[in-house]
Amino acid sequence: MAFQPLTRRSTVRDVYRTAVGRDAIDKLLLQSGVPRAAVTAAGPLRLSLIDRLTSRYTGPGFIDAIIKLVNSEADLPLEGLSPDPVPWWQEAVFYQIYPRSFADSDGDGIGDLRGIISHLDHLADLGVDCVWLSPIFDSPNQDMGYDVRDYRTVMEEMGTLEDLDELIRGCHERGMRIILDLVVNHTSDQHAWFQEALLDPDGPYGDYYFLERGDPKTPPNNWTSFFSGPAWRWFPEAGRWALHLFADGQMDLRWDNPDVRREVADIVGWWLERGIDGFRLDVINYISKPEGLPDGNAFVGALMGFVGVEHYFYGPRLGEFLRGLRRDGFTRDRPPASTPRRRLEDGTLGDPLPPDPVGVMVGETPGVGVQLGRLLSGGGRDQLDLIFNFDVLDTPGHTRWDDYVYDPEYLKRFYRTYLSELSPNDWIAVFLDNHDNPRMLSKLAGGAERDPAVRTAVGKLLATVQLTMRGTPFLYQGQELAAVNQGFEHIDQLRDVESVNRHAELLAEGVGPRALWRQILAGSRDHARVPMRWTREGGFGDAVAWLEGHDETPGFSAAEQVPDPASVYAWHRDLIALRRHHRALTLGDLTWVRPELKGYLAYERSLDGERFLIETNLSPKQRRRPKLTGRIVPVLGGPRESTMRPWEAIVSRID
Ligand code: GLC
Ligand code: MG
């Protein structure tokens, strides 16, 4: 079907039929908590009418902004190719390490590469296939490495290039792959490119960034930063404004400049040759900004919490830039220093695998909904391989900063909707925790996780869903130990630039201390950034850790979890082993079982006649187990009684 550009005479239904429009509307519903039925009811209405009815709330230009967004994505067919053969990452379990907090080898209170090296067996025993390291490149650490000063050097406190080479080899020898974090929407203001740009804004490096002339009192547009305040910083020495969507030392790169694209591709190639197996690409959907940097719509800004996002969360040249990066950076033209050893059926390791022709591209894509996600990662589209869809993290009408209990029914609804909108050539990333979010376990348990039995049950339930959903699971360090949110009591205990800035901003706005702290405590990224609990005492031995943990509940350290066959760790390990032996659990079809039953999340995974049943009780109460047909034999968890225990999870075979 040819793409019909939208006009003000188009209807709501016309908008919803397009990939971009559908995502935009779904996002608006999610943010506002308005039910989807409202869209169905409004389906036949013309946009001009909607504009008249809603402009009281939205202000002028809202509908025009939507029309523009939808029309920017001319007809992009989604009939890509199903990847063949199955790429390794579809069957893999990824594990994200936040190096600063994983393990400290030299007693300076900061996690480092040698710390990771010393724990590689922990990961291999767990069954991890690919490790992802959050940033380790040289950085002034305004945003903990997400502000890179030099893309070819290791941050001093983390170690050396030689350590990294050893880490890469250490992964490969254990049959694991390893990917790094590529942060190229922006660089640190201390990167040599930016320093050159400041010295000579009209020279070649001036063009690497968004350096705008203007009046020092009025930023070039109304965009706001994700980390509070305007997205512009005035540099008096250069007489220019510079764009920073994140902290004021994270300067946005101008990808329209072919030199920038070439530099990034070179960096990627350099690392692939060193042996890494790909990258996770930080906020990669933000890299294309529209010409003229137009003002953001105030209504969208208020709803999303940031002004300007609609212009760059899926910018005009995004697809082109990603295809170029894949071709010029990720496609190997030189052999890597090493490759992972093959994992054999019996669990032993064979010879090194041949190099992957293309390094894996995992996109961090905030704000991207299901349809845009498909455009970015669909098989045969030659852009990204996997993307993260963040809509799972908060229930409709809530943001991370709200202090609320997550309705687990939404977890079910999220995956049901998501999977139902995919075609066979789509594949999704499945994640619940990362370094930018409080722990999902705590969100779901809502404080009840103080009881170790609840903590264990919810930890196992989440692991079960994440490791048997159809998609590629990304575990985050500590999930296997049932890590929870921390009992921080004061802003001085936090280190994250986002929390600190937000705290200052709310304070300045006059928000009362209680309400303010509730927000910060609900949303702070530091919950997930405290040191991994290797020992019961936690922390980094005798050293004072750069950020201190506040969870002392006995039983939830690696030292206690690993030897305990009933632990959350053992559950993860056993589930991962089960996945490895039964492709029904990775590549198999997924069929929902009795989805209409509230509080019961169940599905079948099947392939080549092999069938598994995954059943969970999404509530803190007992419930009757629905009667199902077939001979159902538990393989993990159980016994399978007529009553389900609170938060019960169980994996069975159907014979
Ligand atoms: C991504 C990272 C986050 C960082 C931001 C800016 O969202 O995950 O930690 O602050 O990008 O680089
Ligand atoms: Mg250290």
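Given the condition under 30 Å from W241 (Cβ atoms) and in a helix (DSSP H, G or I), answer yes or no: does some residue in the range 348-371 qualify?
No; the residues of the range 348-371 include none that is under 30 Å from W241 (Cβ atoms) and in a helix (DSSP H, G or I).
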*Is it the case that R17 is under 27 Å from G378 (Cβ atoms) and free of Cβ contacts under 8 Å to residues at least 12 places away in the same chain?*
yes
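Yes/no per residue for (1) over 28 Å from S72 (Cβ atoms); (2) under 24 Å from the mean Cα position of the chain (by Cα); (3) aliphatic (A, V, I, L, M):
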position: R334; (1), (2), (3): yes, no, no
position: L376; (1), (2), (3): no, yes, yes
position: P396; (1), (2), (3): no, yes, no
position: V405; (1), (2), (3): yes, yes, yes
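For (1) within 16 Å of ligand 1 (Cβ to nearest atom); (2) of a type outside the set (A, V, I, L, M, F, W, C), each residue gets a yes or a no:
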site: G292; (1), (2): no, yes
site: A298; (1), (2): no, no
site: R343; (1), (2): no, yes
site: L349; (1), (2): no, no
site: P355; (1), (2): no, yes
site: M361; (1), (2): yes, no
*Filter the range 423-444 for residues that are under 25 Å from A92 (Cβ atoms), within 19 Å of the chain's Cα centre (by Cα) and not in a strand (DSSP E or B) and give the result.*
D426, W427, I428, L432, D433, N434, H435, D436, N437, R439, M440, L441
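Residues checked against (1) on the phi > 0 side of the Ramachandran plot; (2) among the basic types (K, R); (3) at pLDDT below 95:
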| residue | (1), (2), (3) |
| --- | --- |
| R342 | no, yes, no |
| E364 | no, no, no |
| R374 | no, yes, yes |
| F390 | no, no, no |
| Y404 | no, no, no |
| R416 | no, yes, no |
*Among L243, L198, which is the only one that is crowded, with 23+ Cβ neighbours inside 10 Å and either more than 16 Å from ligand 2 (Cβ to nearest atom) or within 30 Å of the chain's Cα centre (by Cα) (or both)?*
L243
*So which residues in the range 284-304 are among the polar types (S, T, N, Q) and modelled with pLDDT of 95 or more, if there are any at all?*
N285, S288
*What do you reckon, is D492 crowded, with 18+ Cβ neighbours inside 10 Å and of a type outside the set (S, T, N, Q)?*
no
*Can you tell me which residue in the range 418-468 is nearest to ligand 1 (Cβ to nearest atom), limited to those that are of a type in the set (V, I, T) and farther than 30 Å from D143 by Cβ?*
V465
*Just checking, how many residues over the range 275-300 are farther than 23 Å from A242 by Cα and touching a Leu at 6+ places or on another chain (Cβ under 6 Å)?*
2
_Exactly one of these conditions fails for L507: (1) free of Cβ contacts under 8 Å to residues at least 12 places away in the same chain; (2) farther than 16 Å from G229 by Cβ. Give me its number._
(2)
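So that you can scan it fast, the table gives a plain yes or no per residue for (1) over 27 Å from P336 (Cα atoms); (2) modelled with pLDDT of 95 or more; (3) within 13 Å of ligand 1 (Cβ to nearest atom):
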residue	(1), (2), (3)
V183	no, yes, yes
E196	yes, yes, no
F210	yes, yes, no
F227	yes, yes, yes
P236	yes, yes, no
Q250	yes, yes, yes
V260	no, yes, no
_Checking the structure you have, find out if any residue of the range 453-468 is surrounded by 20 or more Cβ atoms within 10 Å (Cβ to Cβ) and either assigned to a loop (DSSP other than H, G, I, E, B) or at pLDDT below 95 (or both)._
no
*Restricted to the range 545-588, and to residues that are touching a Ser or Thr at 6+ places or on another chain (Cβ under 6 Å) and among the hydrophobic types (A, V, I, L, M, F, W, C), which residue is surrounded by the fewest Cβ atoms within 10 Å (Cβ to Cβ)?*
A559
*When both residues are 6+ apart or on different chains and their Cβ atoms are under 8 Å apart, which pairs have a first residue that lies in the range 154-168 and is free of Cβ contacts under 8 Å to residues at least 12 places away in the same chain, and a second that is within 16 Å of ligand 1 (Cβ to nearest atom) and assigned to a helix (DSSP H, G or I)?*
none
*Please go through the range 339-376 and pick out each residue that is small (G, A, S), surrounded by 15 or more Cβ atoms within 10 Å (Cβ to Cβ) and either within 16 Å of ligand 2 (Cβ to nearest atom) or closer than 17 Å to A92 by Cα (or both).*
G359, G363
*Does R13 count as at pLDDT 85 or above, out of contact with any helix residue (DSSP H, G or I) (no Cβ under 8 Å at 6 or more places or on another chain) and over 30 Å from D121 (Cβ atoms)?*
yes
*Lone unmet requirement of (1) at negative phi; (2) crowded, with 21+ Cβ neighbours inside 10 Å for W647*: (1)
*asked:* Of everything in the range 375-422, what is out of contact with any helix residue (DSSP H, G or I) (no Cβ under 9 Å at 6 or more places or on another chain), within 19 Å of V86 (Cβ to Cβ) and not in a loop (DSSP other than H, G, I, E, B)? Give them in sequence order.
replied: S377, L419
*Determine if the range 288-305 includes at least one residue that is away from ligand 2 (no atom under 16 Å from the Cβ), crowded, with 24+ Cβ neighbours inside 10 Å and of a type in the set (D, E).*
no
_Let me confirm something: among F194, F226, which residue is outside any loop (DSSP other than H, G, I, E, B), in contact with a helix residue (DSSP H, G or I) (Cβ under 9 Å, 6 or more places away or on another chain) and under 27 Å from V309 (Cβ atoms)?_
F194
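Which ones in the range 415-434 are of a type outside the set (S, T, Y) and crowded, with 21+ Cβ neighbours inside 10 Å?
Once the filter is applied, which keeps residues that are of a type outside the set (S, T, Y) and crowded, with 21+ Cβ neighbours inside 10 Å, the range 415-434 yields W427, I428, A429, V430, F431, L432, D433, N434.
The values are calculated or read from the model by the stated rules, or taken from the named source; none is laboratory data. Everything numeric here is computed off the predicted structure, so don't read it as measured data. Note that each Cβ is placed from the backbone with ideal geometry, even for glycine, and that neighbours are counted across all protein chains shown.
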